[in-house]
Amino acid sequence: MRKLIFLFLISIHFLGYSQMESDKKLDSLMQKFSVQKDSEKAATAKKIGSYYKNNSQYYKAIEYQQIARDLFDSDSNLSIKEKEKNKALCDINIGAEYFFIGDHKKAMDYYIKAYKVLPQNIDLLLNMEGVFSSQNNYEKAFFYAEKAMEVAHKTKDNSDLDRIWSIKSDIYFSKKDSIKAFDALEKSIEFSKKEKDFEQLAITYTNYGDLLKDSNRKMDYYLKSKALWDQYQPNSLLAISNSISIANFYRAIADDEKLQKENQISKDEALNKAEKLLLEQVNNCKKIKHRGKNLQYSLECLSYVYESKKEYKNANDYFKECVILYDSLNSIDTKNKILNVESSFKIGEKDKEIQLNQRIIEQEKKQKWFYLFGIGLLAIIGGLLFYQSRNRKKTNEKLQLLNAELDQANKTKTRFFSILNHDLRSPVANLIHFLHLQKDSPELLDEETKNRMQNKTISGAEDLLSSMEDILLWSKGQMENFKPQPQEVFINQLFEDTKKVFSGYQKIAFEYENYNNISVFTDENYLKTIVRNLTSNAINVFTNTENPKIIWKAWQENGNSFMSITDNGPGASKEQFKALYDDKEVVGIKTGLGLHLIRDLAKAIDCEIKVTSVVNQGTTFELFLPKK
C-alpha cells in the first residue's frame, strides 16, 4: 500500500478555496463570473476551478484554471511581477489537476513554469516531490522535500510542516528506515492537530496504518482516516486511497488464519469485503477519469482477490488492465521525459531569470529614466576609472616582468663573457705562446722540451675544444626553448667515453664500477658533460697528492639510479661548493664555468647532486637520477 502514499503528497491547500457544499455555491460563482472583469473575474475563475477539483471533475477544473491564467495575463492594470505571480499560481493548480488525472509529464511541465517564478513556494516544491515519488525516484523526491523544509524554517511558516513530515516519512520508508519514518509521522500528526488541518491528519492516519504491523491498530488508524474523509472530502481521490488501504487489509486477512482469528472474520467474508470496496474504488476512479496509481493498485488488488476466490477469468481480466495501466505510468520513456523537463529547465533557468529581470527593469526605467540616467552616467565614469586603473596595473606588471627578464639576460651575459675571459683565454694564450716560440726561437727547444710542449699544446687544444662544447651546451641551456632530449643511456658506454677523454693522465689511477650493467633514461649529452666536468674538477685538485685516484661507480636502488665520483685529493670546505646549490651565484673571472655548468645541466635533467668532502681525505659527488 506504500505505493499509494505519493498520492497523499498533493494537498489541496494551494487551490485557495475549500470544496463547495452545494450547487448553489457554483451558481453564485457563475453569476459573478459573468459580470466581472480582469483580475476579479480571474479570481472567481480560480474558485470555480477549485469547486470542480474538489468534486473530482479535473478536466473542468483545468479549463477554469486556464481561463484564470489568461485573464491575469491580459490585465493591463497589473505589473509584470503581479502577472507572473498569479499565472504561476494557476500553473501550480493546473499541474496538480494533471497529476490527479495521472498525466505526470504535463504536471511537471506546469510545475516547471511556476518554479521559474516561485522557487520558494512550499506547495509547488511538495508537488514536484510528488511527481518524483510517483516515479520511485526517491533521490529527487527527497531533494525537493528537504528544499520545502528549508523554506518553511526560513519563513517560520509552520502551516505546511505536517505535509512535509508526512512526505519525508514516505521517503524514509522507501529507504527502509522505519524508525525515522514513524518519527516523521508523529511530527506530522502533531502539526496537523496544532494547525487543525484535518485533511492532512486523515492522510497521515492512513500512512501510519500502512506502517503498523499490529492488525487491530492498523485498522484503527484506517477507520480514523475514513471518518475524517467522510466528514470533509468523501468523494476526493485521497478518500479513495484510504478505502483501497482498508480493502487491501481485508485481502491480507484472507491470506492469514491468525489475522482471521484476531479480527473474528472468515476468509470468504474478508474477500467479499475487499471485493466490494475495490470495485467501488475502481468505479470511482473511472467516474472522475483518474488514470493514476490509485486505479492501477485497485485493479491489481482486485485481481488478487478474484484469484483467491478462484474466479480466474475475472482475475485475468483485471490483471491485464492493471498491467496496461502500469506500463503507461512507469515506462522508461515517461520517466525520462519527466527528468528531461526538469533538467532542461535547470540548464536554462539562470538565463531565463536574467531575461525576466531585464523585462522588469525595462518597464521601471520608463517611470524613472531621469534617475536611472544619472546612475548610468556615474556607472560609466566609475567604469572608465576602473578600466584605466586596471590597464595601468597591467602595464606596471608587464614592465616589472620585462625588467626581471632584462636583469636575467644581463646576468646570463655576465656569465657568458666571464667564461670566455677565463676558460677560453688561457688555453688560447698558451697555444699562441708555443707557436711563437717554435717560430721565432726554435733553437731554444731541444727534442725533449719540444715533445713536452707539443703534448702540452695538444692537451690544451683538446681541453679548449671540450670547454667550447661545454660553453655551447650551457649557453643553449639559458635559452628559453632549449630542452633536453632524453633517451636510454648505457653507463658502460658513458664510462668508456670518459676513459678516452682522460687517457692522457697516466699518473692518475681511474676505476669504473658498474657491476649491474645499468642504463638510465636521460639526455646523453647533458649527463656526459656533467661526468666530464666532475672528472676534470677531480683531476685539478691533484697538485700535491701522492698516488692520486679517481673512482666512478654506478648502481640502482628501488628502481632509482645512482652515480658517484670519489677522489683522494685534499678535500674542500662547504663554501667552495656554493655555486653547486646557489642559483644566485654568478660566474666570474675567478670561478669559471665549473660548478655552475654542472648545477644548471643537472637541474635541466632532474638530477640531484650531493657532495661530501673531508679535508685531507678527499671528496665524493653523488648523482641521483630518479626513475621515469
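The values are calculated or read from the model by the stated rules, or taken from the named source; none is laboratory data. This is a predicted model, so every value here is computed, not measured. Cβ placement follows ideal geometry from the backbone for every residue including glycine, while neighbour counts extend to all protein chains displayed. Note: areas computed on protein heavy atoms with side chains; ligands, DNA, RNA excluded. Shrake-Rupley method; radii C 1.70, N 1.55, O 1.52, S 1.80 Å.
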Which residues, counting only those in region 603-628, are without any contact (Cβ under 8 Å) to a residue 12 or more places away in the chain and within 15 Å of residue 524 (Cα to Cα)? 603
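Among 78, 89, 125, which is in a loop (DSSP other than H, G, I, E, B), at pLDDT 85 or above and touching a helix residue (DSSP H, G or I) at 6+ places or on another chain (Cβ under 8 Å)?
On the way: 89 fails: in a loop (DSSP other than H, G, I, E, B); 125 fails: in a loop (DSSP other than H, G, I, E, B).
So the residue among 78, 89, 125 that is in a loop (DSSP other than H, G, I, E, B), at pLDDT 85 or above and touching a helix residue (DSSP H, G or I) at 6+ places or on another chain (Cβ under 8 Å) is 78.
For residue 168, state whether it is part of a helix (DSSP H, G or I) and crowded, with 17+ Cβ neighbours inside 10 Å. So that I can check it myself, show each step before the final result.
Details: part of a helix (DSSP H, G or I): yes; crowded, with 17+ Cβ neighbours inside 10 Å: yes.
Judged against the criteria, residue 168 is a match.
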Quick one: count up the residues across region 171-210 that are assigned to a loop (DSSP other than H, G, I, E, B), more than 20 Å from residue 139 (Cα to Cα) and acidic (Asp, Glu). 1
Taking region 500-524 and keeping residues outside any loop (DSSP other than H, G, I, E, B) and open to solvent by less than 90 Å² (accessible area, probe 1.4 Å) leaves 501, 509, 510, 511, 512, 513, 519, 520, 522, 524
Among residues of region 117-145 being in contact with an Asp or Glu (Cβ under 7 Å, 6 or more places away or on another chain) and open to solvent by 10 Å² or more (accessible area, probe 1.4 Å), the residue nearest to residue 164 (Cα to Cα) is 122
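I'd like the full set of residues that are among the basic types (Lys, Arg) and not in a helix (DSSP H, G or I), limited to region 283-328. If you could, list the steps in order and put the result at the bottom.
The initial filter retains those residues of region 283-328 that are among the basic types (Lys, Arg), namely 286-287, 289, 291, 293, 309-310, 313, 320.
Correct list: 289, 291, 309, 310.
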Limited to region 49-88, what total is found for residues that are under 42 Å from the mean Cα position of the chain (by Cα), of a type outside the set (Asp, Glu) and open to solvent by 50 Å² or more (accessible area, probe 1.4 Å)? 3
When you scan region 211-243, how many residues do you find that are open to solvent by 10 Å² or more (accessible area, probe 1.4 Å), of a type outside the set (A, V, I, L, M, F, W, C) and assigned to a helix (DSSP H, G or I)? 11
Restricting attention to region 533-564, report how many residues are open to solvent by less than 20 Å² (accessible area, probe 1.4 Å), of a type in the set (S, T, N, Q) and either outside any helix (DSSP H, G or I) or at positive phi (or both). 2
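Would you mind stating whether residue 72 is of a type in the set (Phe, Trp, Tyr) and farther than 27 Å from residue 172 by Cα?
Working: of a type in the set (Phe, Trp, Tyr): yes; farther than 27 Å from residue 172 by Cα: yes.
Spelling it out, residue 72 is indeed of a type in the set (Phe, Trp, Tyr) and farther than 27 Å from residue 172 by Cα.
Condition test on residue 160, is it of a type in the set (Asp, Glu), buried (at least 22 other Cβ atoms within 10 Å of the Cβ) and within 23 Å of residue 141 (Cα to Cα)?
Values: of a type in the set (Asp, Glu): yes; buried (at least 22 other Cβ atoms within 10 Å of the Cβ): yes; within 23 Å of residue 141 (Cα to Cα): yes.
So residue 160 passes the test.
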If residue 178 satisfies every condition in (1) among the small types (Gly, Ala, Ser); (2) surrounded by fewer than 19 Cβ atoms within 10 Å (Cβ to Cβ); (3) in contact (Cβ under 8 Å) with a residue 40 or more places away in the chain but one, which is the exception? (3)
